[in-house]
1. Being part of a helix (DSSP H, G or I), closer than 24 Å to ASN58 by Cα, modelled with pLDDT of 95 or more and of a type outside the set (Asp, Glu) narrows it down to one residue among SER101, SER82; which is it?
2. Return yes when ASP162 is touching a strand residue (DSSP E or B) at 6+ places or on another chain (Cβ under 7 Å), of a type in the set (Asp, Glu) and at negative phi and no when it is not.
3. Restricting attention to region 161-169, does a residue exist that is part of a strand (DSSP E or B), more than 11 Å from VAL232 (Cβ to Cβ) and charged (D, E, K, R)?
4. I'm checking my understanding of the structure. Among residues of region 203-223 that are hydroxyl-bearing (Ser, Thr, Tyr) and surrounded by 21 or more Cβ atoms within 10 Å (Cβ to Cβ), which one is nearest to GLN238 (Cα to Cα)?
5. Consider region 179-205. How many of its residues are farther than 19 Å from ASP132 by Cα and assigned to a loop (DSSP other than H, G, I, E, B)?
6. With the structure loaded, tell me whether VAL137 is more than 20 Å from SER202 (Cβ to Cβ), part of a loop (DSSP other than H, G, I, E, B) and touching a strand residue (DSSP E or B) at 6+ places or on another chain (Cβ under 6 Å) or whether it fails that test.
7. Condition (residue is in a loop (DSSP other than H, G, I, E, B) and either in contact (Cβ under 8 Å) with a residue 40 or more places away in the chain or polar (S, T, N, Q) (or both)) applied to region 216-227: is it met by at least one residue?
8. Name every residue in region 185-202 that is buried (at least 18 other Cβ atoms within 10 Å of the Cβ) and of a type outside the set (D, E, K, R), in order of residue number.
Amino acid sequence: MKNEYISRAGVAACAIGMTLLAGCASLPNSELAAQNREKLHSIALLKMNEPAAENVWNLGGAAGAFGLLGGLVQAGINSSHSKTYTQKIAEQKIEFAPLASDGIVSRLTTDGYQVVTLTDQKVKLSADGKSDDYSEVHTDADAILNVWFASFGYVSPPESIDFVPWVVVRARLLDAKTKQDMYYRTYACGYDIKANSVHIDSDVAYRYGSFGNLEDQFDQSVTGLKACEQAVVAMIGQDLAKTQ
């Protein structure tokens, strides 16, 4: 599945990722209002999917040194590195979604919410193809929480030779009856995508001077991605806490 993603949708993924990296200011960033927090007692969490791929991108490299031609060369290198890293994740059957999903359920439950996981319901794409359609998601809970990976992997920023975690997660809470947004935020751990997001610093232990170094310390690099996941989960739990 991940290999299919790389071969069929690599260009689209790069376009989406580069939009985030460019600092798009249109990403929604709405906190949970006090009146909504008071009436919120139960939450239905939609099933989280695994990242489509674990990208490894160098945003400097040949692209920074040799203009357009260098950019094409670097894009090919980035695609190759991403494929190699993603395949290694798949070969070792490493999963990231359960860590985030279980962490969110645990934090919300500990905070006093009644939490259910909707494993058999999905968000559809709206008829115009521009937004998500939650109209067919049904639950007795007060709200629906959708959390998904927008970007996942490692990136070497233009101003640095080091690869750092690049974990971008979006969290959206909607009133279960009206399907109106109650809370909608984007979290970026490691590389700061700006883009009206909530930035979380990653541990300096998870910095790699080259792709070769990243490969050599593969197990540690996976731990770095999971550490970012846990940091994001902590922020979501804090944002949705019953008391502020």
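1. SER82
2. yes
3. No: region 161-169 contains no residue that is part of a strand (DSSP E or B), more than 11 Å from VAL232 (Cβ to Cβ) and charged (D, E, K, R).
4. Filtering region 203-223 for residues that are hydroxyl-bearing (Ser, Thr, Tyr) and surrounded by 21 or more Cβ atoms within 10 Å (Cβ to Cβ), the one nearest to GLN238 (Cα to Cα) comes out as TYR206.
5. 10
6. Judged against the criteria, VAL137 is a match.
7. yes
8. THR186, TYR187, ALA188, CYS189, GLY190, TYR191, ILE193, ALA195, SER197, ILE200, SER202
The values are calculated or read from the model by the stated rules, or taken from the named source; none is laboratory data. Note that this is a predicted model, so its numbers are computed, not measured. Note that each Cβ is placed from the backbone with ideal geometry, even for glycine, and that neighbours are counted across all protein chains shown. Just the protein is used for accessible areas: all its heavy atoms, side chains included, with ligands, DNA and RNA removed. Shrake-Rupley method; radii C 1.70, N 1.55, O 1.52, S 1.80 Å.
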